[in-house]
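Quick notes on the structure that follows.
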Amino acid sequence: MTTDTAVEAPYEILTPETVPAFLRSRPALAERIDPDDLRSVREVGDGNLNLVFVLADGAGRGLVLKQALPYVRLVGPSWRLTPDRARHEAEALRLHGRLAPDLVPQLYDYDPDRYVLAIEDLSDHRVWRTALNDGLRHDGAAEAMGRYVGTIAFGTSVLGMDAGERARTLAAAVNPELCLITEDLVFTEPYVDAGRNSVLPANERDAAELAADRTMVDEMGRAKWAFMTRAEALVHGDLHTGSVMVRAADGEEGPVDSAKAFDPEFAFYGPVAFDLGALWGNYVIAAARATALGDDERAAWALRLCTRTWDAFEAEFRSAWTDGRADPRMFRDDLREHLLATWRSEAWLFGAAKMTRRIVGLAKTTDIETLPPPLREGAARGVLQTARRWVRERLVDSTPRRAEQIAGEVLGATTTRG
């Protein structure tokens, strides 16, 4: 850690050398790991915002320390950002962990003065995006994420929470700075460039056509309005294949025995369909990579994850509805059907928003960016054109199966080989 970085922070920034002292200062961690017998302290933060240390002691025990920096790590100290996002992550992990303990990492401790979370070590898992990029299948992960979104959608909404508890939770979850990042990077800048956009020269025309697409821009305005005004549930806020860890039950790939959503620092009270759309959009991006590499069967499998996630989400939500609405007097079954139909259609809309920002805007995905440029051109074009089709057809047939079909058609038609 450089001296300049330390000066930028009004609190202590952890380094591998200072981690043992930090552990000694946190009594809650005394039984989790031995600070006097650390065998490994690895800084692995490859994300956009934070420092992440993976620790292991001589007894084989491990945990992860995650510290929020007072700026956007992707850009540097010039982009200041409140480290209070760590509190939002801690509170989301606590609440989501209470509702879906098998689907998020366990939170061991939170230091509010240094903005450090101590979290369950998932070193025996893989980041799902990385596994997908490597051509591995982890069946059951999509369903697990559907159950996660369904559990949170019900359990943190007026349907599943006491009204007073929900009001207090909502007030504490107001997350303006990170929501503003989403409002700008996801819903605005792909169409109104603020100087952070970039594409291959071969895709400049695609980006220009996207920004000039009046229907697309109008639909993104509706999506942004919903994002900013619809406080339905304490959503993850950044749920994509890069924020899911997976572990196969037997070997490197295959059916999962564990899938966990992590990094909920963007958590806020927002539209339920936002998390669903984020997953769907990233499934399309995974399929675009497979199509570019000539693996059509794998691309079709990736696209089918949309239906798998939706079906698991719907089943979980219906089950929760039957088991325990907070006010069944007025929250009747016709409301349930209205909500499900609304969220299914909006998942297309938010999925389209997520796809375009990952191709045109800041913070792209390795699925596309690690492709050779001749292949990347067609993959990027296919993702953008899929998004434009989704916003036009979402009200015609909003089933995830139809969304998959559209994506498959477009990705196949836009493939480039150089």
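The values are calculated or read from the model by the stated rules, or taken from the named source; none is laboratory data. Just so it is clear, the structure is predicted and the values come from calculations on it, not from any experiment. Cβ coordinates were reconstructed from backbone atoms using ideal geometry, including for glycine residues, and neighbour counts include every protein chain displayed. Accessible surface is based on the protein model in full, side chains and every heavy atom, while ligands, DNA and RNA are left aside. Shrake-Rupley method; radii C 1.70, N 1.55, O 1.52, S 1.80 Å.
Condition check ((1) among the basic types (Lys, Arg); (2) modelled with pLDDT of 95 or more; (3) buried (at least 17 other Cβ atoms within 10 Å of the Cβ); (4) over 18 Å from Thr309 (Cβ atoms)) across all residues:
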residue	(1), (2), (3), (4)
Glu337	no, yes, no, yes
Ser345	no, yes, no, no
Arg357	yes, yes, yes, yes
Pro374	no, yes, no, yes
Arg388	yes, yes, yes, yes
Pro400	no, yes, yes, no
Original post:
Among the residues of region 234-256, which ones are assigned to a helix (DSSP H, G or I) and not β-branched (Val, Ile, Thr)?
Top reply: Gly242, Ser243
**OP:** Determine which member of the set Ala202, Ala231, Ala207, Ala259 is under 20 Å from the mean Cα position of the chain (by Cα), crowded, with 16+ Cβ neighbours inside 10 Å, of a type outside the set (D, E, K, R) and not in a strand (DSSP E or B).
**Re:** Ala231
**OP:** Tally the residues that are modelled with pLDDT of 95 or more, surrounded by 13 or more Cβ atoms within 10 Å (Cβ to Cβ) and either part of a loop (DSSP other than H, G, I, E, B) or of a type in the set (Asp, Glu) (or both), restricting the search to region 26-49.
**Re:** 4
Original post:
Assuming Asp334 fulfils every condition listed in (1) within 25 Å of Leu185 (Cβ to Cβ); (2) in a helix (DSSP H, G or I) apart from one, which condition is it?
Top reply: (1)
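With the requirement that a residue be open to solvent by 10 Å² or more (accessible area, probe 1.4 Å), charged (D, E, K, R) and part of a helix (DSSP H, G or I), what does region 266-299 give you? Steps first, answer last, please.
Restricting attention to region 266-299, the residues satisfying the condition of being open to solvent by 10 Å² or more (accessible area, probe 1.4 Å) are 266, 268-269, 286, 289, 291, 293-298.
Narrowing the set further to residues that are charged (D, E, K, R) leaves 289, 295-298.
Correct list: Arg289, Asp296, Glu297, Arg298.
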Original post:
Is it true that some residue in region 189-203 is out of contact with any Lys or Arg (no Cβ under 8 Å at 6 or more places or on another chain) and farther than 25 Å from Thr365 by Cβ?
Top reply: no
Subject >> Residue selected from region 1-25 under the condition touching a Pro at 6+ places or on another chain (Cβ under 6 Å) and either more than 19 Å from Tyr108 (Cα to Cα) or at pLDDT below 95 (or both), by the criterion surrounded by the most Cβ atoms within 10 Å (Cβ to Cβ) >> reply: Ala9
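Each row is one residue, and each column tells you yes or no for (1) within 17 Å of the chain's Cα centre (by Cα); (2) closer than 22 Å to Thr241 by Cβ.
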| position | (1), (2) |
| --- | --- |
| Glu91 | yes, no |
| Gly97 | yes, yes |
| Asp111 | no, no |
| Asp121 | no, yes |
| Arg126 | yes, yes |
| Leu136 | no, yes |
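I'd like to verify a number: residues in region 302-312 that are open to solvent by less than 40 Å² (accessible area, probe 1.4 Å) and either closer than 13 Å to Asn282 by Cα or within 17 Å of the chain's Cα centre (by Cα) (or both), how many?
Just the residues of region 302-312 that are open to solvent by less than 40 Å² (accessible area, probe 1.4 Å), to begin with: 302-303, 305-307, 309-310, 312.
Then keep just the ones that are either closer than 13 Å to Asn282 by Cα or within 17 Å of the chain's Cα centre (by Cα) (or both); that gives 302-303, 305-306, 309-310.
Qualifying residue count for the region: 6.
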Original post:
What's the number of the condition Trp225 fails, among (1) assigned to a helix (DSSP H, G or I); (2) in contact (Cβ under 8 Å) with a residue 60 or more places away in the chain; (3) open to solvent by 30 Å² or more (accessible area, probe 1.4 Å)?
Top reply: (2)
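If you go through region 26-58, how many residues are over 25 Å from Pro264 (Cα atoms) and without any contact (Cβ under 8 Å) to a residue 12 or more places away in the chain?
Just the residues of region 26-58 that are over 25 Å from Pro264 (Cα atoms), to begin with: 30-31, 34-40, 57-58.
Those left that are additionally without any contact (Cβ under 8 Å) to a residue 12 or more places away in the chain: 30-31.
Matching residues across region 26-58 total 2.
Can you name every one of the helices (runs of 4 or more DSSP H) wholly within region 84-181 that holds 3 or more residues which are touching a residue at least 12 places away in the same chain (Cβ under 8 Å) and either small (Gly, Ala, Ser) or surrounded by 20 or more Cβ atoms within 10 Å (Cβ to Cβ) (or both)?
Working: elements: 85-99, 128-133, 141-155, 163-172.
Those helices (runs of 4 or more DSSP H) span 85-99, 128-133, 141-155.
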Subject >> Single residue of Ala380, Ala315, Ala413 found to be crowded, with 17+ Cβ neighbours inside 10 Å and small (Gly, Ala, Ser) >> reply: Ala380
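Any residue at all in region 321-334 that is surrounded by 24 or more Cβ atoms within 10 Å (Cβ to Cβ) and farther than 21 Å from Ala207 by Cβ?
So the first thing to find is which residues in region 321-334 are surrounded by 24 or more Cβ atoms within 10 Å (Cβ to Cβ), and the list is none.
There is no residue in region 321-334 that is surrounded by 24 or more Cβ atoms within 10 Å (Cβ to Cβ) and farther than 21 Å from Ala207 by Cβ.
For (1) under 11 Å from Arg289 (Cα atoms); (2) more than 20 Å from the chain's Cα centre (by Cα); (3) of a type in the set (S, T, N, Q), each residue gets a yes or a no:
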site: Arg376; (1), (2), (3): yes, yes, no
site: Val383; (1), (2), (3): yes, no, no
site: Arg392; (1), (2), (3): no, yes, no
site: Val396; (1), (2), (3): no, yes, no
site: Ala407; (1), (2), (3): no, yes, no
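Of these, Ala363, Ala380, which one is in contact (Cβ under 8 Å) with a residue 40 or more places away in the chain, in a loop (DSSP other than H, G, I, E, B), touching a helix residue (DSSP H, G or I) at 6+ places or on another chain (Cβ under 9 Å) and under 30 Å from Ala212 (Cβ atoms)?
Checking each option against the conditions leaves just Ala363.
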**OP:** Can you work out which of the residues in region 210-221 that are part of a helix (DSSP H, G or I) and free of Cβ contacts under 8 Å to residues at least 60 places away in the same chain is farthest from the chain's Cα centre (by Cα)?
**Re:** Arg214
Original post:
Looking at (1) part of a helix (DSSP H, G or I); (2) more than 18 Å from the chain's Cα centre (by Cα), which is the only condition Ala326 fails?
Top reply: (1)
